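Engineer: Got a structure here, written out as structure tokens. Questions coming.
The values are calculated or read from the model by the stated rules, or taken from the named source; none is laboratory data. Just so we're clear, the structure is a prediction, and the values are computed from it rather than from any experiment. Cβ coordinates were reconstructed from backbone atoms using ideal geometry, including for glycine residues, and neighbour counts include every protein chain displayed. Only protein heavy atoms, including side chains, enter the accessible area calculation; ligands, DNA and RNA are left aside. Shrake-Rupley method; radii C 1.70, N 1.55, O 1.52, S 1.80 Å.
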Amino acid sequence: MARVSQEHLDARRRQILDGAAVCFARNGFHATSMQDVLKEVDLSAGAVYRYFSGKEELIGAIVAEVLDTVGTLYEAAARETPPPTPDVLLPRVMARMREVRPGMLEHGEWVFPRLMVQVWAETLRNPELAAVLRSGFDRVRAAWSQLVEVYKEAGLMPPDADADAVARVMIALLQGFGVQFALFGAASERTLRDGLRALLSMGESSDGS
């Protein structure tokens, strides 16, 4: 029997995760059955259960993967010189999520924002998923706090700025933008950038002094 390559295994796992994400975004976690996932990915039950034991493991893997991507982006930003300001960084994160989570529903709606809302709702009743989300949130919050310290060193923020407070607000801002996207339709990275840029300019005089 020919040995299956790791590349093939990774591609199959990716196929299953992406298909499950579409199903969860389309119909919600509880209304989606494993049969729906099997149909979406066009694989046998044996092929899917080789990788995941059920819906809970699927959604946990999706959440962990997303949070790892976001955490890595913020950690990398904290190492940049000069550090990217929020009006640059948050649209960058959104653009990166479009690249790694490009899935669309049948009517052309981006899967990821809808999936976010479904995950948060499920977290309220699923302690295991809540633990995954908490761990990822703590990592992102720590990365943002580190970034705030870099802003201070660069003279971009007051020395007494509360790093954790800023971190929580920046996370909430992107979460809220995602909810808007899910509920009311498309909003672009440019909208996010321009809104942040206007907020960051408050207090500046017209001559730039």
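Engineer: Give the angle, between 0 and 90 degrees and rounded to the nearest 10, that separates the Cα long axis of helix 55-77 from the longest principal axis of the Cα atoms of the chain.
Structural biologist: Long axis of 55-77 versus the principal axis of the chain: about 30 degrees.
Engineer: How much net charge surrounds residue 122 when only the other residues with a Cβ under 12 Å from the Cβ of residue 122 are counted, with Lys and Arg +1 and Asp and Glu -1? Show your work: numbers first, answer last.
Structural biologist: Details: positive: 55, 125; negative: 56, 128.
Overall, the nearby charge balance is 0.
Engineer: Now, a different point. Contour minus end-to-end for residue 65 and residue 10, with contour as 0.36 nm per residue of separation and end-to-end as the Cα-Cα distance? Write out the running numbers ahead of the final one.
Structural biologist: On the way: separation 55, 0.36 × 55 = 19.80 nm, distance 1.34 nm.
Between residue 65 and residue 10, full extension yields an extra 18.5 nm.
Engineer: Still on this structure: About the Cα centre of the chain, how large is the charge dipole given +1 on each Lys and Arg Cβ and -1 on each Asp and Glu Cβ? Please answer in debye to the nearest 20. Could you put the intermediate results ahead of the total?
Structural biologist: Numbers: 23 positive and 28 negative charges, 111 e Å.
The dipole magnitude comes to about 540 debye.
Engineer: Which trypsin sites (Lys or Arg not before Pro) does segment 42-101 hold that lie in a coil by DSSP with at most 12 other beta carbons within 10 Å? Don't skip to the answer; put the middle values down first.
Structural biologist: Numbers: sites: 50, 55, 79, 92, 96, 98; in loops: 50, 79.
In loop regions of segment 42-101 (DSSP not H, G, I, E or B), the sparsely surrounded trypsin sites (Lys or Arg not before Pro) are 79.
Engineer: Could you tell me what percent of the accessible area of the chain is made up of carbon and sulfur, with a 1.4 Å probe and every protein chain present?
Structural biologist: On the way: 6450 of 11630 Å².
So the carbon and sulfur contribution to the accessible surface is 55 percent.
Engineer: What does the helix-only formula give at 222 nm for the chain: each DSSP H stretch with n ≥ 4 adding -39500 (n - 2.57), the total divided by the residues, and the result rounded to the nearest 500 deg cm²/dmol? Numbers along the way, then the final one.
Structural biologist: On the way: 9 runs with 147 residues, N = 209.
Rounded to the nearest 500, it is -23500 deg cm²/dmol.
Engineer: Add +1 for every Lys or Arg and -1 for every Asp or Glu among the other residues with Cβ under 11 Å from the Cβ of residue 65, and state the total.
Structural biologist: Numbers: positive: 13, 14, 101; negative: 18, 68.
Summing Lys/Arg as +1 and Asp/Glu as -1 gives +1.
Engineer: Given 175, 203, 11, which one lies farthest toward the positive end of the charge dipole of the chain, if we put +1 on the Cβ of every Lys and Arg and -1 on the Cβ of every Asp and Glu?
Structural biologist: Result: 11, furthest along the dipole toward the positive end.
Engineer: Can I ask one more? How many nm separate the modelled label positions at residue 173 and residue 42, each set 7 Å beyond the Cα in the direction of the Cβ?
Structural biologist: Here the answer is 4.3 nm between the modelled labels.
Engineer: Hey, another quick one. Quick one: net charge around residue 106, please, counting Lys, Arg +1 and Asp, Glu -1 for every other residue with C-beta under 12 Å from its C-beta. Please list the in-between numbers first.
Structural biologist: Numbers: positive: 26; negative: 40, 109.
Result for the local shell: -1.
Engineer: Let me ask something else. Dividing the convex hull volume of the Cα atoms of the chain by its residue count, what figure in Å³ per residue is obtained? All intermediate terms of the calculation are to be shown ahead of the outcome.
Structural biologist: Details: hull volume 30.3 nm³, N = 209.
Here the figure is 145 Å³ per residue.
Engineer: Calculate the length of the line joining the C-alpha centroid of segment 49-74 to that of segment 157-180, in whole Å.
Structural biologist: 24 Å
Engineer: I'd like the distance between the alpha-carbon centres of segment 81-105 and segment 1-39, rounded to an integer number of Å.
Structural biologist: 25 Å
Engineer: If the elastic network links every pair of Cα atoms under 10 Å, which of 22, 41, 111 fluctuates the most in the Gaussian network model of the chain?
Structural biologist: Result: 41 has the largest fluctuation of those listed.
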